[in-house]
Amino acid sequence: MSQFFPLQLAMLRRDTPDSLVLTLTVPDEHRARFVHQPGQHLTLRAELSGDEIRRSYSLCNASGTAMLQLAIKRVPGGRFSSWVHSQLREGDWLQAAPPTGNFALPVVPQARRHYAAFAAGSGIAPVMSVLESTLRDERHSRFTLVYCNRDLASVQFREHLWELKDRYLDRFRVLYLFSKETQDVDLFGGRLDQARCAALIASCLPATQIDHAYLCGPAGMMDSVAAALQAAGLGAEQIRRERFAASAPRPASCEARTPAASGSVDLLVQQEGARRRLSLPPSGDTLLDAMLKAGLAPRYSCKAGVCATCRCKVLAGDVEMYEPHALDPAEVAAGYVLSCRSRARSQHLELALD
């Protein structure tokens, strides 16, 4: 069941002209539910002008801390982010679902790894959680961050990054790329496309010394970086991506396609130990929309395939999932789909909801 719990806003801090850092306290009775792993995200819920709005935001602080931190950037025309920036005050309460996501690798205390992260703009949020947790818990590992922004003023967590550099002098390095501000070295001025990433690898970030890479930012940037890394010798299994978007419409190709199943669909859902059988009428609805209309309460946030909150496993039957989606190939091979991007292709279907 998609459960939300009250968290109190303990601190509200402006980080850049268009981003805020929220520090949330978790009541003692809910603390066990909100233990988070590096790189996970929270889904927040609010009623705005009579509409229920949900948004997913990455946790940006290290794991194992009692408080939770989120960075929320104001999105032009974004209802939720505009509400956060204009209405929220310290002491207010927010509704949040427990953390989800599997961006980060498990920590191995004795590991001697070199991680590289490539982040753009607000894509730094999950990377901050991963890098700080890794540097703290893997004391023999190193971390290099390539962070892309318009200019110095738009760099999120700038002071905290300086603190981390001072704390981990021999194990943490940051390379800043600015697309709208002149740099002393031409390589660091401009957007991070495949050619620039290849030049970085050739000059100061040898791929042979990278054990794992984390990518978070616009899809085009991540595709370019992944292509450069793989061309330099990294395997696809060494590259982890976190897709994010405030709210994105479904592509026309998804809207235009129809499910292969004809007639109603017999759906058996397993959720938190309970089983429920539904008969879904023939329609163009995604599985998520169909379950919501039938009165179920599955977890979801963005409805755009980027947050993976609505992940479920197909136990029987056939499902078609549309691109783009936030699952990696191993998850898809294991039978997982995103219900917000999927439709039934068989008249009998069994799902296990996360």
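Every number in this text was worked out from the coordinates using simple rules, so none of it is lab data. Remember, it's a predicted structure, so these values are computed and weren't measured experimentally. Cβ: placed from backbone, ideal geometry, glycine included. Neighbour counts: every protein chain shown.
Once phi is turned into ³J(HN,Hα) by the Karplus curve 6.51 cos²θ - 1.76 cosθ + 1.60 with θ = phi - 60°, what whole-Hz value does each residue of region 33-50 show in order, with x for glycine and proline?
With coefficients 6.51, -1.76 and 1.60, one gets 6, 10, 5, 10, 9, x, x, 7, 9, 10, 9, 9, 10, 8, 9, 10, 6, x Hz.
To the nearest µm²/s, what D does Stokes-Einstein give for region 259-318 at 10 °C and 1.306 mPa s, using the Kirkwood radius over alpha carbon pairs as Rh?
127 µm²/s
For C216, what charge total do you get from the other residues with a beta carbon under 12 Å from its beta carbon, if Lys and Arg give +1 and Asp and Glu give -1? Before the final figure, lay out each step's value.
Working: positive: R240, R241, R243; negative: E242.
Residues close to C216 contribute a combined charge of +2.
If the convex hull of the alpha-carbon atoms of region 168-237 is projected onto planes in all directions, what is the mean projected area in square nanometres?
5.4 nm²
Relative contact order (percent) for the chain, with alpha-carbon contacts under 8 angstrom and 6 or more residues of separation?
The value is 14 percent.
For the chain, what is the calculated [θ] at 222 nm in deg cm²/dmol (nearest 500), taking -39500 (n - 2.57) for each run of four or more DSSP H residues and dividing by its residue count?
Only helices count here, giving -6000 deg cm²/dmol.
Please compute the Cα-Cα pair-distance distribution of region 252-353 with 10 Å bins starting at 0, giving whole percents from short to long.
Going out from 0 Å in 10 Å bins, region 252-353 shows 16, 54, 29, 1 percent.
Net charge within 13 Å of A334 by Cβ-Cβ distance, Lys/Arg positive one each and Asp/Glu negative one each, not counting A334 itself? Don't skip to the end; give the middle numbers.
Values: positive: R311, K313; negative: D328, E331, D354.
Net charge in that neighbourhood comes out at -1.
Please report Rg over Rh for region 293-354, where both radii come from the alpha carbon positions and Rh follows the Kirkwood definition.
So for region 293-354, dividing Rg by the Kirkwood Rh gives 0.93.
Compare the Cα positions of V21, S283, P206 along the charge dipole of the chain (+1 at Cβ of Lys, Arg; -1 at Cβ of Asp, Glu; about the Cα centre) and return the one farthest towards the positive end.
My answer, from the dipole projection, is S283.
Considering only S63, S129, S179, give the residue with the highest GNM mean-square fluctuation for the chain, with springs between Cα atoms whenever their separation is below 10 Å.
S179
Once phi is turned into θ = phi - 60°, what whole-Hz ³J(HN,Hα) does the Karplus curve with 6.51, -1.76 and 1.60 give for every residue of region 203-220, x standing for Gly and Pro?
Computed from phi, the couplings for region 203-220 are 9, 9, 9, x, 5, 5, 9, 9, 8, 8, 10, 10, 10, 8, x, x, 4, x Hz.
Counting pairs of Cα atoms in region 5-99, how many percent are more than 20 Å apart? Display every interim value, and only then the final one.
Values: 1356 of 4465 pairs.
So the pairs more than 20 Å apart make up 30 percent of the total in region 5-99.
Most mobile of A316, A119, A308 per a Gaussian network model of the chain (Cα springs, under 10 Å)?
A316
Evaluate 2.2 N^0.38 Å with N set to the residue count of region 114-242, then give the Cα radius of gyration divided by it. Write down the numbers at each step before the final one.
On the way: Rg = 13.5 Å, N = 129, 2.2 N^0.38 = 13.9 Å.
Computed over Cα atoms of region 114-242, the ratio equals 0.97.
Where nothing but the Cβ of Lys and Arg (+1) and of Asp and Glu (-1) is charged, how large is the charge dipole of the chain around its Cα centre, in debye to the nearest 20?
So the magnitude is around 140 debye.
Kindly provide log₁₀ I(q)/I(0) values, in the same order as q = 0.07, 0.11, 0.13, 0.14 Å⁻¹, from the Debye equation applied to equal alpha-carbon scatterers of the chain.
Relative scattering, expressed as log10 I(q)/I(0), comes to -0.32, -0.79, -1.08, -1.22.
Taking the square root of 5 times each eigenvalue of the Cα gyration tensor, what semi-axes in Å does the equivalent ellipsoid of region 110-190 have, largest first?
Semi-axes (√(5λ), whole Å): 23, 12, 11.
Lysines near K73 by alpha-carbon distance under 26 Å, same-chain residues fewer than 8 away left out - which ones?
Reachable lysines: K165, K180, K303.
Using a 10 Å cut-off on Cβ atoms, rank the peptides 268-278, 211-221, 227-237 from the highest mean neighbour count down.
With the highest mean Cβ count within 10 Å placed first, the list reads 211-221, 227-237, 268-278.
Apply the Karplus parameterisation 6.51 cos²θ - 1.76 cosθ + 1.60, with θ equal to phi minus 60°, to every residue of region 126-134 and state each ³J(HN,Hα) to the nearest whole Hz, in sequence, with x for glycine and proline.
x, 5, 4, 4, 5, 5, 5, 5, 5
Taking the Cα centre of region 80-223 as origin, sum charge times position over the Cβ atoms of Lys and Arg (+1) and Asp and Glu (-1), and report the length of that vector in debye to the nearest 20.
The calculated dipole for region 80-223 is roughly 260 debye.
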